[in-house]
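The values are calculated or read from the model by the stated rules, or taken from the named source; none is laboratory data. Since the structure is predicted, the reported quantities are computational estimates derived from the model, not experimental observations. Heads up, the Cβs are rebuilt from the backbone with ideal geometry, glycines too, and the neighbour counts pull from every protein chain shown. We work out accessible area using only protein heavy atoms, side chains counted, and drop any ligands, DNA or RNA first. Shrake-Rupley method; radii C 1.70, N 1.55, O 1.52, S 1.80 Å.
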Amino acid sequence: MSEFYTMKIAGLERNLKKFPVSDSLDIAAFILFGDTEITVASASELLKRVPEFDYIITPEAKSIPLAYEMSRQSGKPYVVIRKGVKVYMGSPVSVTVRSITTQKEQTLYLGEDEVDLIKGKRVLIVDDVISTGESLAAVRRLVDAAGATEAAACAVLAEGDAAKRDDIIFLEPLPLFFK
């Protein structure tokens, strides 16, 4: 099996390095950090496909550059869901999730000020990759707890069976690699 998976994303070719997540499964890692060209192009392409929204919301950390760029291009603000409570967060709302890339349970937090910002607003959920959908489900629970409405959920890539979903907007499917 190849060490890399080559694909086109937003018209740009990238070689994604493969990593094992179990004895029987490898994934091709899509990392936005440091790749300004793919971040800008992906943000532009996603914005062409999503409905109207008031705020962008994204989980910490790999999708923050994408949310920032979509915010910059659209003129709409973004909110980051944190993986830890900060002293300035007031009374945060939280949910617990287990995703394929973290391989452990983690808690996500939305601060009191962010809850106040998005309450009653249409939010666009933005992520780099949607795979099992566990992180997306957690973000949806936080959006609901904050009293906001989901305008849509989008990602650059939909991994594995996520590409068959009809409740997400994405640019390209990303296969899983079974051994």
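Note down the magnitude of the dipole of the stretch 69-148 about its Cα centre, charges +1 on Lys and Arg C-beta and -1 on Asp and Glu C-beta and zero elsewhere, to the nearest 20 debye.
For this selection, approximately 40 debye.
Principal axes first, then extents: for the Cα atoms of the stretch 47-147, list largest minus smallest coordinate on each axis, whole Å, largest first.
In descending order, the Cα extents are 34, 30, 21 Å.
Modelling each spin label as a point 7 Å along the Cα-to-Cβ direction, I'd like the A61/L12 distance in nm, to one decimal.
Inter-label distance under the simple model: 2.1 nm.
With springs only between Cα atoms under 10 Å, which of T149, T58, T107 fluctuates most in a Gaussian network model of the chain?
Per the Cα network of the chain with a 10 Å cutoff, T107 tops the list.
By how many nm would the segment from S22 to E52 lengthen if fully extended, with 0.36 nm per residue of separation less the alpha-carbon distance?
Result: 6.9 nm gained on full extension.
Rounded to the nearest 20 Debye, what is the dipole magnitude of the stretch 10-68 about its Cα centre when Lys and Arg each give +1 and Asp and Glu each give -1 at the C-beta?
Working: 6 positive and 9 negative charges, 25 e Å.
Dipole magnitude for the stretch 10-68 comes out near 120 debye.
Straight distance only, please: which aspartates and glutamates reach the Cα of K86 with their own Cα at less than 16 Å, same-chain residues fewer than 8 apart left out?
E60, E112, D113, E114
Kindly provide the helix-only [θ] at 222 nm of the chain, computed as the sum of -39,500 (n - 2.57) over DSSP H runs of four or more divided by all residues, to the nearest 500 deg cm²/dmol? Spell out each step's value before the answer.
Working: 4 runs with 44 residues, N = 179.
Computed mean residue ellipticity for the chain: -7500 deg cm²/dmol.
If packing is taken as the average number of other Cβ atoms within 10 Å across a peptide's residues, how do 43-50, 6-13, 119-126 rank, most packed first?
119-126, 43-50, 6-13
Test of understanding: express the Cα radius of gyration of the stretch 1-90 as a ratio to 2.2 N^0.38 Å, with N the residue count.
Here the answer is 1.30, to two decimals.
If I model a spin label as a point 7 Å beyond the Cα along the Cα-Cβ vector, how far apart are those points for A29 and T149 in nm?
Computed distance between label sites A29 and T149 equals 4.0 nm.
Looking at T107, V156, L174, which one has the Cα that reaches farthest to the positive end of the dipole of the stretch 93-179 (charges on Cβ: Lys, Arg +1; Asp, Glu -1)?
Farthest towards the positive end: L174.
Per Stokes-Einstein, at 20 °C and 1.002 mPa s, what whole-number D in µm² s⁻¹ belongs to the chain, with the Kirkwood radius over Cα pairs as the hydrodynamic radius?
In µm²/s, the coefficient rounds to 129.
Charges at C-beta only: +1 for Lys and Arg, -1 for Asp and Glu. How large is the resulting dipole of the chain about its Cα centre, in Debye rounded to 20?
The calculation lands at about 80 debye.
Ranked from the most accessible area to the least, with a 1.4 Å probe and all protein chains present, what is the order of E150, E69, E134, E3?
These residues rank, largest area first, as E3, E134, E150, E69.
Rounded to two decimals, what is Rg over Rh for the stretch 102-173 when you use alpha-carbon atoms and the Kirkwood radius?
0.99
Measuring from a point 7 Å past the Cα of K179 along Cα-to-C-beta, which residues in the stretch 26-42 have an amide N at less than 16 Å?
So the set is 26-29.
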